[in-house]
Amino acid sequence: MNPSNDQLEFATSALLVALCARDLETGDHCPRVNRLALKLGRALALPQEHLYALKFGSLLHDIGKLRTGDAVLCKPDRLTAAEWEIMRRHPLDGATMLRSLGFPEPVCLIVEQHHETWSGTGYPYGLKANEIYIGARLFAVADAYDAITRDRCYRKGAAAHVALHEISSCSGTQFDPKVVTAFLNLERPPHQEA
């Protein structure tokens, strides 16, 4: 199956509606990260095919959370080790869902690999450095920035300068150093959006 751009747009919209109905916090997070990831992708002069994948992958990166139970997804305090194991399934669940719908493989790779880390300590596969698809490496920085600066049910969001410092300090371990440099050098430093 090779869906058209219109079909992918429609499927993306439908999946985002479902995600917002399931978890408003995640549903609001996806469009914010999408805008930031595309801005970063353009700053890195990614080829059009990577920007295309980033467009859909960043919007749908957490779609696998549709399969995560409320007891884990909506828990107001820290997750136990067993609950983290459940939560860590969402990249694989999401990529499986998107592959079954015929999304292009680069989109699925962003969803599947967005929690991999530059040093190889991420999940689900423990990929490292350039083994991680460029779209996933770029997306991870935008995702971290939004996650740090936004309120969560278990903590208050941090200021933009705190997030930028955290991302900078994780360059070469959690994040691709070239992507971090580009992120920190965006023409206008990213700020929290309303």
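Of the helices (runs of 4 or more DSSP H) that lie entirely inside segment 52-155, those containing 1 or more residues that are of a type in the set (Gly, Ala, Ser) and more than 10 Å from the chain's Cα centre (by Cα) span 70-73, 81-87, 90-100. Against the condition touching a residue at least 40 places away in the same chain (Cβ under 8 Å) and surrounded by fewer than 24 Cβ atoms within 10 Å (Cβ to Cβ), how does Leu92 come out, does it pass? Criteria not met by Leu92.
Of all residues in segment 62-88, exactly one satisfies the criterion of being closer than 18 Å to Cys30 by Cβ and open to solvent by 90 Å² or more (accessible area, probe 1.4 Å), namely Arg67.
Could you say which residue among Ala136, Ala158 is free of Cβ contacts under 8 Å to residues at least 12 places away in the same chain and open to solvent by less than 40 Å² (accessible area, probe 1.4 Å)?
Numbers: Ala136 fails: free of Cβ contacts under 8 Å to residues at least 12 places away in the same chain.
Exactly one residue qualifies, and that residue is Ala158.
Please go through segment 93-135 and give me each residue that is under 18 Å from Glu9 (Cβ atoms) and hydrophobic (A, V, I, L, M, F, W, C), ordered by number. The answer is Met97, Leu98, Leu101, Phe103, Val107, Cys108, Ile110, Val111. Against the conditions (1) assigned to a helix (DSSP H, G or I); (2) open to solvent by 70 Å² or more (accessible area, probe 1.4 Å), Asn34 satisfies every one except (2). Within segment 105-125, the residues that satisfy the criterion of being open to solvent by 30 Å² or more (accessible area, probe 1.4 Å), out of contact with any strand residue (DSSP E or B) (no Cβ under 8 Å at 6 or more places or on another chain) and farther than 22 Å from Arg35 by Cβ are Glu105, Ser119, Thr121, Tyr123, Pro124, Tyr125.
The values are calculated or read from the model by the stated rules, or taken from the named source; none is laboratory data. None of the values given here were measured: they were computed from a predicted structure. Virtual Cβ from ideal backbone geometry, glycine too; neighbours counted across all protein chains shown. Quick note on the areas: whole protein, heavy atoms, side chains included, nothing else; ligands and nucleic acids left out. Shrake-Rupley method; radii C 1.70, N 1.55, O 1.52, S 1.80 Å.
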